[in-house]
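K.L.:
This is the structure, below, for whatever I ask next.
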Amino acid sequence: MVLGQSGVGKSALVVRFITRRFIGEYDSSLEKIYAYQTIIDNETVYFEILDSAGDPNESEYANLESNIKWAEAFILMYSVTDKCSFDECHRLKFLINYNKRRRRLTSSTKDCMETPVVLVGNKVDQAGDRMVSTDEGQRRSKEIGCVCFHEISVRESIDQVCSVFRDARRFWRVGSKWARCGGRTDPELLPSLDRPHARTVSDTTAPDPVANVPTFYRRFTEVELYEEGEVSMVRSDSTSSSGHSEGGDEFRARASTDSRLPPRPERPRHPASPRNLPTPMRKMSVSMRGNNANTY
Ligand SMILES: Nc1nc2c(ncn2[C@@H]2O[C@H](COP(=O)(O)OP(=O)(O)OP(=O)(O)O)[C@@H](O)[C@H]2O)c(=O)[nH]1
């Protein structure tokens, strides 16, 4: 699913990927699903790409949330010439996390996988109008937990466009394998993400479309999935100190677009070893603190 504020170039990205053309003007009002089959990393891949409406109104909001639940990977897009669209990514990522966690809590294996979100800054060809630097984009990508970050120009480069979809698919594949392994990391997959621009067999005869594209990766690791999935699931399901379950609106209302990020609590880099596990008494106090600290 391609998400982002209106005008950042979502339709341009999808149409360019499928037709290889940059057309210039697109129907902005419609939400469309494109079916497209291509070969990536020597495998045939069947994409269903949802080009979402940029600024949904009240009545379209429920639809947006059900689309988020449907999607298995996200391309979260902003324009480097528009600071508002950059800030909007923070809110949209919050919405993705919220809907995905809620779904994981109510369903079984398939939805246990962490859904990859690729952050994309578009329109780098408009250098004179740039309002968001590469560093800011890279930092934000890490802060909001995206799997990798790209800066591209849909207008100028088909290769950069392809590399975005290629990464979305690669990280989706890692996530789905991880879920199928019952949460164990597949050692054959992770090293390949250490070398994201390494050539595959299929690339030996054709130029690597990913080469020379600035891409910043964040690896899925078992620890991160443990932290993001398990710990956060407890937090999002918690009951507030007043004894009421958090309502969806209340939870969503915390998403802000003012570019300030709420402080994230310090977390240990590794899960506690069994002999360090808290006693039952201590466990209860951790849970209580989780509830009270649930204010952002
Ligand atoms: N200069 C430049 N313009 C771009 C680029 N990508 C898209 N555009 C232009 O940005 C405008 C908006 O593009 P769209 O693809 O319609 O944006 P959108 O995000 O789908 O917008 P909504 O459908 O309203 O949500 C169009 O005029 C595009 O031609 C790019 O890489 N560089």
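K.L.:
Being at pLDDT 95 or above, in contact with a strand residue (DSSP E or B) (Cβ under 6 Å, 6 or more places away or on another chain) and closer than 26 Å to residue 21 by Cα is the requirement here; does residue 161 meet it?
P.N.:
no
K.L.:
While we're on this one: Name every residue in segment 31-59 that is assigned to a loop (DSSP other than H, G, I, E, B), open to solvent by less than 40 Å² (accessible area, probe 1.4 Å) and not polar (S, T, N, Q), in order of residue number.
P.N.:
Those that are assigned to a loop (DSSP other than H, G, I, E, B), open to solvent by less than 40 Å² (accessible area, probe 1.4 Å) and not polar (S, T, N, Q): 41, 53, 54, 56.
K.L.:
Also, I was wondering about something else. Restricting segment 150-177 to residues that are closer than 15 Å to residue 8 by Cβ and surrounded by fewer than 23 Cβ atoms within 10 Å (Cβ to Cβ), which is farthest from the ligand (Cβ to nearest atom)?
P.N.:
The selected residue is 151.
K.L.:
Additional query: Which numbered condition in (1) more than 7 Å from the ligand (Cβ to nearest atom); (2) touching a residue at least 12 places away in the same chain (Cβ under 8 Å) is the only one that residue 19 fails?
P.N.:
(2)
K.L.:
Could you tell me which numbered condition residue 111 fails, if it satisfies all but one of (1) out of contact with any Asp or Glu (no Cβ under 8 Å at 6 or more places or on another chain); (2) open to solvent by 10 Å² or more (accessible area, probe 1.4 Å); (3) at pLDDT 95 or above?
P.N.:
With (1) out of contact with any Asp or Glu (no Cβ under 8 Å at 6 or more places or on another chain); (2) open to solvent by 10 Å² or more (accessible area, probe 1.4 Å); (3) at pLDDT 95 or above applied to residue 111, the lone miss is (3).
K.L.:
Of the numbered conditions (1) open to solvent by 20 Å² or more (accessible area, probe 1.4 Å); (2) assigned to a loop (DSSP other than H, G, I, E, B), residue 67 satisfies every one except a single condition; which is it?
P.N.:
For residue 67, the failing item is (2).
K.L.:
Is one or more of the residues making up segment 10-30 part of a strand (DSSP E or B), at pLDDT below 95 and open to solvent by less than 80 Å² (accessible area, probe 1.4 Å)?
P.N.:
No, segment 10-30 has no match at all.
K.L.:
Looking only at residues in segment 22-80 that are under 16 Å from residue 11 (Cβ atoms) and among the polar types (S, T, N, Q), which one is farthest from the ligand (Cβ to nearest atom)?
P.N.:
Going through the qualifying residues, I end up with 67.
The values are calculated or read from the model by the stated rules, or taken from the named source; none is laboratory data. All values reported here derive from a predicted model rather than from experimental measurement. Virtual Cβ from ideal backbone geometry, glycine too; neighbours counted across all protein chains shown. With ligands, DNA and RNA removed, areas are computed over all heavy atoms of the protein, side chains included. Shrake-Rupley method; radii C 1.70, N 1.55, O 1.52, S 1.80 Å.
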